[in-house]
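Quick note: the coordinates plus some simple rules give every number you see, no bench work behind them. Because the structure is a prediction, the values reported are computed rather than measured. Cβ atoms come from the backbone with ideal geometry, glycine included; neighbour counts cover every protein chain shown.
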Amino acid sequence: MLRFNLFRKFVSFHSRNVAFANSRNKSTAVDIEKLDQDTTSIDVVDDELKSREEEIQRKRNKSRLKEPDRNFLFEKDPYPEPTRWHHGTLKYMRRLYGRYGEASGVDPAICWPVKEELEEAIEYEQVAYPFTIPHMIAEAKRKRHETEESVKLRQEEIVKKMEKIEQMKQDVYNRIKNKETEAKAAKERKERLIEEVRMHFGYTVDPRDEKFKEMLEKKEKEQKKAMKEAKKKAREENIMTKLLSKKADTVKKDVNKQ
Amino acid sequence: MGSNTTEKALSMLRFLPRVCLSNIRPHPNSRIRDKRGRGQHGGDKHGCGNKGSGQRQNYMRLGYETGNNPFYLRFPHEPYYQRHHLRREYPPVSLLQLLKFIELNRIDHTKPIDLVSVVNTGLYKLLPDQRQYGIQLTDEGADVFNLKINIEVQYATEVVIAAIEKAGGVITTAYYDQHSLQCMLNTKKFFERGVPIPKRMMPPPDAIEYYSDPAKRGYLADPDKISEERLVLAQKYGYSLPEIEKDPSYDMLTERKDPRQIFYGLHPGWVVNLRDKAILKPQDEELLKYYAN
Amino acid sequence: MTTMRPLLFTIFTKTKPFQCLRKTSLHQIRNSSYESSKFLVDVEVSTKYEATKIPEEWKYVERILPPTLVPEPQPLPEYQSGWKPQGDHKDSPYFVERSRNHMMPVYLDVRQRGVKRHTIIKKIQGDIWLFEKDLRTFLEDLIKPKPLRLQVNEFARKICINGDHVNAIKYWLGEKNF
């Protein structure tokens, strides 16, 4: 409510000045138009006219904006007189030239890299892009060939091994079978021994008893000996058969010769 | 009556102060008043409970699981996203989209098309900061594509190349490094920087094979081999290769950029001034050597 | 044209007070800031250049500058891309205006990480209820036996439909020359 009253007072205060302001504006408007016509027809060489023109331009500026902001709005150099530290940097001055061209008053020669900057750029490129294109292409090709070759070799290896796979499977099965049969045979032998020992004692004795164990050891030894002798015998028989067969062969040969 | 109110309004306008932050207010109910946390509105312990590490704001470190081996330490090596931050991305533009751009006059197909022309439509956004390196032309619309264009993209598949060449056009794949991309995306902003046009740098080692491959129409490939590949592709996809030599727009179709050039017709080292509409060319030997290298 | 800015010599030399306002170079230099740049007074500038104003070259520059307004589409008898220009609507009770990019104002609104899909038709002028009636007959026939959930926002001049019927509606609007 208070705000509205204040507003009303504000409006009423200004409404008194409206008429005056209007008349003032109108008079200046007429004057400006006239001046415009004058200026367009005659070249402004007169200092007085120039200063008057400038004053009119100043009065025309009702924006109450800061000078740099207004210049920026009208696409002019915002700081014709440098005020901040960065206004002296190459980067800023290049931007000024880029945006405002000749009107900025900047020498375009600064746009290109200075000696130090050029040296830095060349050094950077030498480090970042050290190889030439043909070299890079050759390298890439070589790497690709290498990986392809290694893959190819591995594949060939696998193929070779795949040919033997059935045989390898069979070998594995046979090995398992043999192991099983041996284990079974050993177990049977042991069972038989235990039976023999039990028979020897006559009554059921715990296999873990010492006496039983002693007997078992004896029997095992006897069995081993028997097996060894059997093996030896088998070997001797083999040798005999071989010798006999050889002799037979030599006799045959002699007979053939004759 | 109407003129009275307008007169009044205009007179008011003449004397009211400039609109600024101190004499405007937001939409009603657009700003919610902050609840200060007093009494029943989040007061007393302010959501922190009683005693303990919670109320005393003495929290355990993130990921800690009160002693047992935490999740982020259980697995020694999870290389799923290894080098993901180095992989290049090529946001797609389909042939149908390209066709639409041309038909709606967004892109001029009587001139060579490149990344700059597509970005200037305002309908394609490229973000070099996200490792995006250019346009990938996809094959949606390959069956209806019938325009003769000279296009330069960063990646294209065989089907796309075939579609464009069948229509009588020319496609090239070229690489632009990040710095050049930034210049291309906003040309006005770039020229206002007042720096000379940079030279385009070479592709990295893992991309050089692609851009030197004639089958992919790379810009570093041998032009003779490219014409061979054109024939091969035509035979593969079963269309008769149009003879570009006899085409009236042969010059436009064969216009290609130098590997060090970013923009058509503008050489590295030139300074373009939009305000004065002038192009400044350096005359120093060193600079010329640097930019021509 | 070759005049140097006069006050620089006095302000921007190494020993002047402005230097103290500037941050020291102990922190990271970012190339996007003025701190990474040299001062003009500290370097020797002697590059020779020539300023040219050749119209043929300037044409290349104009080519790469973006347009400021949306261009009008080429007038063709048929568009291969499937785009249809707005035709005669013959005093129909309603009218659907095209967007500033000459496209139909039918949009897909996807919410809740892909769970909810709404089709929105905007810029409907005239009798929106009649438009809704005609649209309903078309869409209900299309998606039967499923129900059509449709909302008419008369004040915002838009219709919101549950589901993804963008292409169907665009086809229907095209048939009506909108």
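Observations on the model:
- Cα-projected label distance for B:Asn4 with A:Ala226, points at 7 Å along beta-carbon direction, nm: 14.3
- For the stretch A:130-182 versus the stretch B:37-83, the spacing of their alpha-carbon centroids is 51 Å.
- Förster radius 25 Å - calculated FRET efficiency between B:Tyr81 and B:Leu127 (Cβ-Cβ, nearest 0.05): 0.80
- Once the Cα atoms are used to define both axes, helix C:166-175 deviates from the longest principal axis of chain C by about 70 degrees.
- With 27 Å as the limit on Cα-Cα distance, the pairs of A:Lys66/C:Lys48; B:Lys111/B:Lys216; A:Lys141/B:Lys246; A:Lys115/B:Lys125; A:Lys169/A:Lys242; C:Lys84/C:Lys122 that go past it are A:Lys66/C:Lys48; A:Lys141/B:Lys246; A:Lys115/B:Lys125; A:Lys169/A:Lys242.
- Label reach from C:Asn167 (point 7 Å along Cα→C-beta): in the stretch C:96-123, amide nitrogens under 18 Å belong to C:104-110, C:117-120.
- Dimensionless Rg ratio for the stretch B:120-251, taking C-alpha atoms and the 2.2 N^0.38 Å reference: 1.16
- The stretch B:182-233-the stretch C:24-70 distance, computed between alpha-carbon centres (Å): 23
- Residues whose placed amide H lies under 5 Å from that of C:Tyr49, excluding near-sequence neighbours: B:Gln283
- Intensity falloff of chain B expressed as log10 I(q)/I(0), Debye formula with alpha-carbon point scatterers, at q = 0.14, 0.15, 0.16 Å⁻¹: -1.05, -1.17, -1.31
- Taking B:Met184, B:Met202, B:Met60 in turn, the Gaussian network model of chain B (Cα-Cα springs below 10 Å) assigns the largest fluctuation to B:Met60.
- Projected over all directions and averaged, the alpha-carbon convex hull of the stretch B:191-293 occupies 9.7 nm².
- Theoretical FRET efficiency, 1/(1+(r/R0)^6), r = Cβ-Cβ of B:Glu245 and C:Lys146, R0 56 Å, to 0.05: 0.45
- Rel. contact order, % - alpha carbon contacts under 8 angstrom, at least six apart, the stretch B:33-169: 21
- Contact order normalised by residue count of chain B, Cα under 8 Å, 6+ apart, percent: 13
- The distance between label points at B:Val232 and B:Lys35 comes to 7.0 nm (points 7 Å beyond Cα on the Cα→Cβ vector).
- Filter on B:Lys100/C:Lys90; B:Lys35/C:Lys116; A:Lys59/A:Lys91 - keep pairs with C-alpha separation over 31 Å: B:Lys35/C:Lys116; A:Lys59/A:Lys91
- Kirkwood Rh and Cα Rg combined as Rg over Rh, evaluated for the stretch A:95-181: 1.65
- Order of C:Ile169, B:Ile135 under a 10 Å beta carbon neighbour criterion, fewest first: C:Ile169, B:Ile135
- Relative contact order for chain C, counting Cα pairs under 8 Å that sit 6 or more residues apart, in percent: 18
- Long-range HN-HN contacts of C:Lys158 with modeled amide H, under 5 Å: C:Asn153
- Residue-averaged [θ]222 nm for the protein assembly as shown, counting only DSSP H segments that reach four residues, each worth -39500 (n - 2.57): -15000 deg cm²/dmol
- Charge context of B:His109, other residues only, Cβ under 11 angstrom, K/R +1, D/E -1: +1
- Among beta bridges that DSSP assigns inside the protein assembly as shown, antiparallel share in %, nearest 5: 70
- Other residues within the sphere of radius under 13 Å centred on the Cβ of A:Arg175, judged by their own Cβ, net out at 0 (K and R +1, D and E -1).
- Kirkwood-Stokes translational diffusion coefficient of the stretch C:31-127, alpha-carbon pairs, 20 °C, 1.002 mPa s, µm²/s: 104
- Counted charge near C:Val166, where neighbours are those whose Cβ lies closer than 11 Å (Asp, Glu -1; Lys, Arg +1): 0
- Extent of the protein assembly as shown along its three principal axes (Cα atoms, max minus min coordinate, largest first): 152, 82, 76 Å.
- For a straight C-alpha distance cut-off of 17 angstrom, the aspartates and glutamates reachable from A:Lys143 (same-chain residues fewer than eight places away being disregarded) are B:Asp206, B:Glu209, B:Asp213.
- A Förster radius of 51 Å combined with the Cβ-Cβ distance from B:His179 to C:Asp88 puts the calculated FRET efficiency at roughly 0.50.
- Spin-label pair C:Glu97/A:Ala103, simplified geometry with 7 Å Cα→Cβ offset, distance in nm: 3.6
- Within straight-line reach of A:Lys152, meaning a Cα separation under 18 Å, sit the following aspartates and glutamates at least 8 residues removed in sequence or on another chain: A:Glu163.
- Too-long pairs where the Cα-Cα distance tops 30 Å, listed order kept, from B:Lys188/B:Lys289; B:Lys199/C:Lys59; A:Lys190/A:Lys246: A:Lys190/A:Lys246
- Per residue Cα convex hull volume in Å³ - calculated over the stretch C:94-175: 100
- Rounded to the nearest Hz, the phi-derived 3J(HN,Hα) couplings of the stretch C:63-70 under the Karplus curve 6.51 cos²θ - 1.76 cosθ + 1.60 (θ = phi - 60°) are 5, 8, 7, x, x, 8, 10, 6, where x marks glycine and proline.
- Compactness of the stretch A:76-130 is given as radius of gyration and Dmax, 14.4, 45 Å, from Cα positions.
- Partner shielding of B:102-115 amounts to 3, given as the average count of beta-carbon atoms from other chains within 10 Å of each residue beta-carbon.
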